[in-house]
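Rule-based calculations on the coordinates, nothing more; no lab input. Just so it is clear, the model here is predicted, and its values are computed rather than measured. For neighbour counting, all protein chains shown are included, and Cβ atoms are generated from backbone atoms with ideal geometry for every residue, glycine included.
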Amino acid sequence: MSLKRGSIAVAGVAESDLGQVAPHTSPIDLMAQASLRALDDCGLKVSDVDGVLAAATQARYAPGQICEYLGIKPKYFDGTMIGGSSFMTHVAHAQAAIETGMCEVALIAYGSTQRTVSRAAASPREYNPFETQYRPLLPISAYAMAAARHMHEYGTTREQLAEVAVAARQWALLNPKAWEKEPLTIEQVIKARMVSHPFTVRDCCLVLDGGGAMILVSAKRAKTLKKPPVYVLGVGETMSHVSISNMPDLTVSAASESGPKAFRMARLKPADVDMLSLYDAFTINPILFLEDLGFCPKGEGGRFVSGGAIAPGGKLAVNTSGGGLSYCHPGMYGLLVMIEAVRQVRGECGKRQVKDCEVALAHGNGGVLSTQCTVIFGSDKTL
Amino acid sequence: MVDLTKASPLGTYYEHCKRGELAYQVNRDDGNAVFFPRAVAPGGGTNLEWRVSKGLGTVYSTTVVYYRNEPPLNVALIDLDEGFRLMSRIEDIDPTHVKIGMRVKVRMHPGDEKQPPYPVFTSAGGAK
């Protein structure tokens with residue numbers, strides 16, 4: 001048995017308050033706020049929710065904690081925690097649960113107060129006897145070594161990495177909810193404070209508070225709700241390693257497997273995609289994912305993003321929210337990655353709206369390029 | 001299979017480190033080098049044999065970490081000639097001068113009361 005293209009749809013999406021929240025706000029406060037807003041988005045109530053999927057670095061029992069908070073006794077729950085791409089796997093698992101009748105209304109929720117409590121407190125790292133003593137600044141140094149290897153093998157340049165940050169900033173300036181409000185140049189990225197060579201602080205995602213929620217229902221039920229359904233056309237989940245020491249090839253992520261899986265299920269190809277939402281924890285990420293998902297050949301990602309190609313007005317719309325680099329990155333960013341894709345398909349993105357956006361691809365990344373999960377969303381025209 | 005009530009993979013590795021040896025395992029079933037040390041080989045094999053590396057390798061990737069108020073610190077991934085990779089650092093040269101492809105050789109860092117001895121590397125001259 002396999003998941004069926006378009007069997008479920010996103011009925012509601014919402015962010016919690018983003019950026020810097022008030023002292024003593026809990027990650028579950030943010031989950032609950034986003035959940036209620038996502039339910040309002042589709043016209044459902046807390047009492048309608050019978051499936052709950054959640055993950056958070058600050059809440060080990062995330063599904064239980066949001067259920068306790070909101071008074072939900074779910075028929076189905078899932079706490080899969082594989083880093084920032086957890087929420088893409090939640091979509092796939094919700095689809096399986098809805099298709100098999102284990103639940104009807106699935107809520108995916110996330111929240112983090114990492115800016116308020118500090119990253120060290122929000123996401124303490126496990127001791128690794130083969131890495132910790134060398135003091136890599138994780139996760140940054142892992143991605144920095146992937147970038148260094150990509151530069152070595154394919155001639156990717158420092159400027160091309162900076163292009164990713166500049167494009168993200170240009171999109172962010174079109175998004176009222178984005179954290180960053182000032183323009184950014186390639187030179188400013190390169191001359192910013194060096195963190196882990198070749199990355200400066202401007203190659204790295206924001207460290208903010210925030211959360212999100214998504215409501216998934218059957219395609220049939222979605223048609224009866226407030227917003228136009230955004231169908232789940234394809235999903236692909238893969239993992240390749242946990243520690244960067246064990247990543248087989250630092251220039252090839254497992255997106256090279258999750259992407260084809262999602263495209264096969266969706267019966268689509270990269271040329272059919274109108275907009276991409278790629279987990280940009282660091283500037284190397286979109287370059288790797290554009291290659292691995294099939295939007296350009298391996299090694300060409302740096303040249304592909306050059307000259308404003310993924311910025312507003314470029315040849316491919318990537319990370320229209322402003323991404324983790326300039327919009328919001330609350331520790332695990334995968335749910336917000338999907339929310340932007342859903343809004344683009346709905347046509348709700350105002351100044352940054354991609355024209356005739358019928359197919360949007362959301363790609364999640366977790367750990368140190370460890371888990372790669374792809375979800376392809378489509379409008380009713382794609383069914 | 002290893003009896004985990006008698007010896008652990010990491011404990012055995014540390015014993016080698018204390019003797020100044022960088023140890024790794026080989027899966028006798030397929031001849032592949034295995035690192036980090038395990039009780040069970042990838043794929044399920046239990047025919048793991050301990051060996052001592054000659055300690056020569058090549059820098060696979062490298063970064064320089066800039067902690068606030070500290071000198072720059074090298075962190076690198078090293079491909080050992082026997083066919084396994086580990087994280088380490090290259091000492092005795094400017095961290096910004098460590099390059100991908102550099103040949104390196106192991107040296108055991110003594111560690112301290114909390115940290116058992118661990119492998120670091122120095123330039124072996126040349127590149128690959």
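As a quick test, which of the pairs A:261/B:99; A:261/A:315; A:298/B:99 have an alpha carbon distance above 32 angstrom in this structure?
The answer is A:261/B:99.
Tell me the Rg and the Dmax, in Å, that the Cα atoms of chain B produce.
15.8, 49
Give the Rg/Rh ratio for the range B:45-102, taking Rg as the radius of gyration of the Cα atoms and Rh as the Kirkwood radius, to two decimals.
Looking at the range B:45-102, the ratio lands at 1.11.
Bin all alpha-carbon pair distances of the range A:235-308 at 10 Å intervals from 0 and give each bin's fraction as a whole percent.
18, 53, 26, 3
Bin all alpha-carbon pair distances of the range A:223-278 at 5 Å intervals from 0 and give each bin's fraction as a whole percent.
Percent of Cα pairs in each bin: 4, 15, 19, 19, 14, 13, 8, 3, 3, 1.
Taking every pair of Cα atoms in the range A:63-205, average 1/r, invert it to obtain the Kirkwood radius, and report Rg/Rh to two decimals.
My calculation puts Rg/Rh at 1.06.
Considering the options A:225, A:236, A:178, tell which one lies farthest towards the positive end of the dipole of the range A:112-241, charges being +1 on Lys and Arg and -1 on Asp and Glu at the Cβ, about the Cα centre.
The one lying farthest along the dipole's positive direction is A:225.
Please build a GNM for chain B, connecting alpha carbons under 10 Å apart, and tell me which residue among B:117, B:72, B:37 fluctuates the most.
B:72
Please check: in the Gaussian network model of chain A (C-alpha springs, under 10 Å), which one of A:90, A:152, A:241 has the largest mean-square fluctuation.
Maximum fluctuation in the GNM of chain A, among the listed residues, is at A:152.
Dipole of chain B (Lys/Arg Cβ +1, Asp/Glu Cβ -1, origin at the Cα centre): which of B:2, B:66, B:84 lies farthest to the positive side?
Working it through, the farthest residue towards the positive pole turns out to be B:66.
To two decimal places, what compactness ratio does the range A:100-174 give when its Cα radius of gyration is scaled by 2.2 N^0.38 Å?
1.67
Å³ per residue of the Cα convex hull, for the protein assembly as shown?
Residue-normalised Cα hull volume stands at 162 Å³.
Give me the net charge for the shell around residue A:109: Cβ to Cβ below 13 angstrom, other residues only, Lys and Arg +1, Asp and Glu -1.
Once positives and negatives cancel, what remains is -3.
Would you mind classifying the range A:330-383 by shape? Square roots of the alpha carbon gyration tensor eigenvalues, ordered a ≥ b ≥ c; an a/c under 1.5 is rounded, otherwise it is prolate if a/b is larger than b/c and oblate if not.
oblate
Treating the beta-carbon of each Lys and Arg as +1 and of each Asp and Glu as -1, no other charges, what is the dipole magnitude of chain A about its Cα centre, to the nearest 20 debye?
In total the dipole reaches around 420 debye.
What residue among A:336, A:36, A:107 has the largest mean-square fluctuation in a Gaussian network model of chain A, using Cα springs under 10 Å?
A:36
Considering only C-alpha atoms, what is the centroid distance from the range B:74-128 to the range A:142-196, in Å?
Using only Cα atoms to place each centre, the spacing works out to 29 Å.
If the reach is capped at under 18 angstrom between alpha carbons, list the aspartates and glutamates near residue A:227, excluding any in the same chain fewer than eight residues apart.
Those aspartates and glutamates meeting the cut-off are A:15, A:40, A:41, A:48, A:104, A:340, A:348, A:356, A:358, A:380.
Per residue Cα convex hull volume for the range A:121-257, in cubic angstrom?
184 Å³
How big, on average over all directions, is the shadow cast by the Cα convex hull of the range B:2-72, in nm²?
In nm², the orientation-averaged hull projection of the range B:2-72 is 7.4.
Please give, to one decimal in nm, the separation of the simple spin-label points placed at residue A:81 and residue A:269, each 7 Å out from Cα toward the Cβ.
4.2 nm
So what are the three principal axis dimensions of the range A:178-262 from its Cα atoms, in whole Å, longest to shortest?
Rounded to whole Å, the extents work out to 52, 39, 22 Å.
How many partner chain Cβ atoms sit within 10 Å of a residue's Cβ in peptide B:53-65, on average, as a whole number?
Whole-number average of other-chain Cβ neighbours for B:53-65 is 5.
Can you flag which of A:181/A:351; B:18/B:105; A:191/A:351; A:223/A:381 are past 25 Å Cα-Cα?
Distance filter (> 25 Å) returns A:191/A:351.
Over chain B, what is the relative contact order in percent, taking alpha-carbon pairs closer than 8 angstrom and at least six residues apart?
Computed over chain B, the figure is 21 percent.
In whole Å, how far is the Cα centre of the range A:254-300 from that of the range A:325-365?
So the separation of the two Cα centres works out to 15 Å.
Using a Cα-Cα cut-off of under 15 Å, which aspartates and glutamates could be cross-linked to residue B:6, ignoring same-chain neighbours fewer than 8 residues away?
The reachable aspartates and glutamates, counting only those whose Cα sits under 15 Å from residue B:6, are B:15.
Looking at the calculated P(r) for the range A:211-355, what percent of the C-alpha pair distances fall above 20 Å?
52 percent
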